[in-house]
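Here's the structure, in structure tokens; my notes come after.
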Amino acid sequence: MAYRLTMVGTGYLGATTSACMAELGFEVLSLDVDAEKVRRLQAGDLPIYEPGLEEILRRNLANGRLRFTTSYEEAAAFGDVHFLCLGTPQKPGEYAADVSYLESAIESLAPHLNRECLIVGKSTVPVGTAQHLADKLARLAPIGSGAELAWNPEFLREGFAVKDTLHPDRIVLGVASDRAEKIMREVYASMIEAGTPMVITDYPTAELVKVAANAFLATKISFINAMAEVCEAAHADVKQLSLALSFDDRIGGRYLNPGLGFGGGCLPKDIRAFMARAGELGADQALTFLREVDAINMRRRARMVDLARELAGGSFQGCTLAVLGAAFKPNSDDIRDSPALDVAVKIGQQGGQVTIYDPVAQENARRAHPELSYGSSALEAARDAHVVLLLTEWQEFIDLDPEQLGTVVAARKIVDGRNALDAETWRAAGWHYRALGRP
Ligand code: UDX
């Protein structure tokens, strides 16, 4: 049977999943309570930067497989499978995640459910949320047990969202019945046929897989950044250390790039929410190491500010600095918890004259921090700077020619916050080159 799918929430996850599932041939209706967002998406205007996604969105709007709405009633009448793609942000002033968007989605959708359907949660949630939502669904849905819940965490990375959605590493599914499993096997049939491994489990395990994966990745990044701290103290080179570690395939080289550390809308908040939830469950001791993972990560930003100040001659007063990069990582316009922007703001607060350039996240950064200056290119941002800071490793920054940049930066001082440049090339061109974790 060709199921009809609805997506509830059209943020990063919802917009990507909507377009990609339509691309796979499903009829998709996507809902958001934000009418302006719905209008833009229906017009083929993607509010986020994600390589390849807008093309897929437009193609599937044009062929009629994808539509957008603000009506829960319409979504309930349309869908056989309703995906919940809502955000779970960190609660202000706390570590815990706010699941209220999921709660209100169920409260708005469930009373309209008069036909058999499956609700599939994709959001990253504190363990126990799925069962809580399933209980709520059972109370509110007129169809009763005909509306069921499954949990199917999403692992997509920004910048690779289309590839990760269409060709996931694995499918994890928490179900409470064979019926739910059968429906999901049909929904993901093309991926299963392509050999994608599938783990069928219960709700809490499925919920935990996602936060455990993010905790592991965050730990790996902080591990190499802790080694960078030791390397600095010992005058050793963390980049060569990381390279040598990567040849051990038990360790592997991915997520082992030392630098300014992790940011974004997921890793930082997910490890904090994980600690908060473990605390509620009486298992906080098991995750105390994540506190250290978080602390190591935040120390990288402070170290970057210190290194910049050192190159500025001991004080930022009267110093102009070019910041290359504002996004939390390359190939993204996302500035949520961006290490680059955090460093730029801190230097500005300490009296430095900061000019930022980011090829894609520039406008988002400007809106969030109008107090800082912005250049229209790397060269323009760097003109007459005393120090250049590379904080997000966009390819165009890696490709910068030290000679050409040197024509506008007489001081020729650069800090490579992402260990992305070739130190020898820059030094040979007369630059004072510094990087985190290297002599
Ligand atoms: C992450 C997970 O990878 C993804 O599976 C999950 O669904 C959501 O969270 P994302 O936030 O898009 O995805 O970014 P990711 O590519 O994982 O990078 C996270 C941060 O870690 C970035 O700030 C990046 O610059 C940093 N990072 C990554 C490092 O500092 N070093 C590395 O070696 C790798």
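Every number here is computed from the coordinates shown, using simple stated rules; none is lab data. The model shown is predicted, which means the values in this text are computed figures rather than measured ones. Quick reminder, even Gly has a Cβ in these numbers, built from the backbone with ideal geometry, and neighbours come from all protein chains shown.
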Being in contact (Cβ under 8 Å) with a residue 60 or more places away in the chain, hydrophobic (A, V, I, L, M, F, W, C), more than 20 Å from A278 (Cα to Cα) and more than 16 Å from the ligand (Cβ to nearest atom) is true for just one of A180, A234, A228. Which residue is that? A180
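Residues of region 191-204 being part of a helix (DSSP H, G or I) and within 26 Å of the chain's Cα centre (by Cα), which ones?
Residues satisfying the conditions are M191, I192, Y203, P204.
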Could you list, in sequence order, the residues of region 238-270 that are among the basic types (K, R), farther than 30 Å from L86 by Cβ and exposed (fewer than 14 other Cβ atoms within 10 Å of the Cβ)? R250
So which residues in region 393-439 are within 16 Å of V238 (Cβ to Cβ), outside any helix (DSSP H, G or I) and aliphatic (A, V, I, L, M)? V415, A420, L421, A435, L436
Considering only region 300-317, I want to know if a residue exists there that is closer than 18 Å to R336 by Cα, in contact with a Gly (Cβ under 6 Å, 6 or more places away or on another chain) and part of a helix (DSSP H, G or I). yes
If you check every pair at least six apart or on different chains, which have Cβ atoms under 9 Å apart with a residue in region 88-105 that is more than 18 Å from V127 (Cβ to Cβ) first and a residue that is charged (D, E, K, R) second? P92/D98
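Within region 205-237, which residues are touching a Lys or Arg at 6+ places or on another chain (Cβ under 6 Å) and outside any loop (DSSP other than H, G, I, E, B)?
Initially, region 205-237 is screened for residues touching a Lys or Arg at 6+ places or on another chain (Cβ under 6 Å), giving 225, 237.
N225, the sole residue that qualifies.
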Counting just the residues of region 151-167 that are more than 10 Å from the ligand (Cβ to nearest atom) and in a loop (DSSP other than H, G, I, E, B), which one comes out farthest from E54 (Cα to Cα)? N152
Could you list, ordered by first residue, the pairs with Cβ atoms under 6 Å in which the first is in region 19-35 and without any contact (Cβ under 8 Å) to a residue 60 or more places away in the chain and the second is assigned to a loop (DSSP other than H, G, I, E, B) and crowded, with 23+ Cβ neighbours inside 10 Å, at least 6 apart or interchain? S30/T10; D32/T10
